Amino acid sequence: MAHKISCCRVSNLYVCSSAESHKRSTARGEAAGTAKLTEDDVRSILALRGVLMQREVATRYWISRQTVSDIWCGRSWRHLRRDAP
């Protein structure tokens, strides 16, 4: 069975400026429907860098070790910045 991919339809395309395009960006953080973590969780995870191993943090928050790595390296939740020491 073929899947319908509606995002490629011409009717879904429109011309706009870069600024307008950024206003339509996808939800970030807790606003994303699939988020398992809260912003407070992520801030706590950032604070644990250098204190615990990624595996230990992942077990504590029921997430994957890769997710912890992505948070620590700024590949996800990058809108939350770790406070300077």
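The values are calculated or read from the model by the stated rules, or taken from the named source; none is laboratory data. Treat the numbers as computed from the prediction; the structure is a model and nothing was measured. Heads up: the accessible areas ignore ligands, DNA and RNA and are worked out on the full protein's heavy atoms, side chains in. Shrake-Rupley method; radii C 1.70, N 1.55, O 1.52, S 1.80 Å.
Miscellaneous remarks
- Among the residues of segment 53-75, those that are open to solvent by less than 100 Å² (accessible area, probe 1.4 Å) and not in a helix (DSSP H, G or I) comprise Ile63, Ser64, Gly74.
- Within segment 27-49, the residues that satisfy the criterion of being part of a loop (DSSP other than H, G, I, E, B) and at pLDDT below 95 are Ala27, Arg28, Ala32, Gly33, Thr34, Ala35, Lys36, Leu37, Thr38.
- Of the residues making up segment 57-73, just one is more than 12 Å from Ile45 (Cα to Cα) and small (Gly, Ala, Ser), namely Ser64.
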